[in-house]
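The values are calculated or read from the model by the stated rules, or taken from the named source; none is laboratory data. All values reported here derive from a predicted model rather than from experimental measurement. With ideal geometry, Cβ positions are generated from the backbone for all residues, glycine too; neighbour counts draw on all protein chains shown.
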Ligand SMILES: [Zn+2]
């Protein structure tokens, strides 16, 4: 109680250090305080940074996870659509072709049944006339063909012959995939040797030999030469017109996009051996 009664002296232990060494005490506590504050600040800063990092981590990564989760699926599909779209555009090596509008078609035969697109028909008739002047009898066997007609040719004939779809596709295009849909393709025979119609033996006729030499002058080319990259059987009778921009784009735009994949598809499995097995039974039926 006495000690407690003296108000001024008892805090010697506590007071003097505060008064005697104020600077040191102030420095050390300041330092200590600074040190204490630093961890606090550091902790706070770390917490703050952590919180920011969390927030940033929460908010920023979300678009990337979302892009990897939800939008990444469209991303591969966006990069793959070009590759995946082209395979969808082919069946058994046949390219998809749109059907020419009836208004664009013009007869190439005397009875008017066989038709081609106007530009192709004009050149075909000029080619027939030039061949005739040389004593060669070129006759059209098949021109424009609708998708419905191709359905009949493909499925009915396939069933009649008991062919598999792949076997049938080697000698006939599935509906929607025939060059004849475009109005630019024509099957050509030798009027002097009708027995060779739609047969590989057509290549021995005067008509074929004349075509090889002269068809390019009329912008016609053979669609399925021997060992063609599409794997379609050799068809010396099947020619197509490529004498204007539309016809050229029709046949080569699809091929250019397919070439990269064709190389991948044809390299592992060489097709030529498959081409010689089927052509003989397909005489009466028009070609792809
Ligand atoms: Zn054909």
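The residue that is nearest to the chain's Cα centre (by Cα), counting only those in region 124-139 that are buried (at least 19 other Cβ atoms within 10 Å of the Cβ) and not in a strand (DSSP E or B), is 124.
Looking only at region 140-154, which residues are buried (at least 16 other Cβ atoms within 10 Å of the Cβ) and either assigned to a helix (DSSP H, G or I) or without any contact (Cβ under 8 Å) to a residue 24 or more places away in the chain (or both)?
Step one: filter region 140-154 for residues buried (at least 16 other Cβ atoms within 10 Å of the Cβ), giving 140-145, 147, 149-150, 153-154.
Within region 140-154, 147, 149, 150, 153, 154 qualify.
For region 176-193, what are the residues that are touching a residue at least 40 places away in the same chain (Cβ under 8 Å) and either away from the ligand (no atom under 16 Å from the Cβ) or outside the structural domain of residue 141 (by TED's automatic domain parsing) (or both)?
Residues of region 176-193 touching a residue at least 40 places away in the same chain (Cβ under 8 Å): 176-192.
Passing the criteria: 191, 192.
Scanning region 69-121 for residues that are surrounded by 12 or more Cβ atoms within 10 Å (Cβ to Cβ), in a helix (DSSP H, G or I) and modelled with pLDDT of 95 or more yields a count of 5. For residue 176, which of the numbered conditions (1) surrounded by 19 or more Cβ atoms within 10 Å (Cβ to Cβ); (2) over 19 Å from residue 128 (Cα atoms) fails to hold? Result: residue 176 passes all but (1). Condition first: in contact (Cβ under 8 Å) with a residue 40 or more places away in the chain and within 16 Å of the ligand (Cβ to nearest atom). Can you find one or more residues in region 155-164 that meet it? Yes, there is a match, as at least one residue in region 155-164 is in contact (Cβ under 8 Å) with a residue 40 or more places away in the chain and within 16 Å of the ligand (Cβ to nearest atom). In region 91-107, the residues that are under 12 Å from residue 184 (Cα atoms) form Cβ pairs under 7 Å with partners that are assigned to a loop (DSSP other than H, G, I, E, B), at six or more places apart or across chains, as follows: 97/177; 97/178; 99/146; 100/144; 100/183; 104/183; 105/144; 105/183.
Quick check on residue 243: is it farther than 23 Å from residue 191 by Cα and within 24 Å of the chain's Cα centre (by Cα)? Don't jump to the end; show me each part of the working.
Values: farther than 23 Å from residue 191 by Cα: yes; within 24 Å of the chain's Cα centre (by Cα): no.
Judged against the criteria, residue 243 is not a match.
Here's the yes/no breakdown for (1) part of a loop (DSSP other than H, G, I, E, B); (2) within 12 Å of the ligand (Cβ to nearest atom); (3) in contact with a strand residue (DSSP E or B) (Cβ under 9 Å, 6 or more places away or on another chain):
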residue	(1), (2), (3)
166	no, no, no
169	no, no, yes
174	yes, no, yes
195	no, no, no
215	no, no, yes
230	yes, no, yes
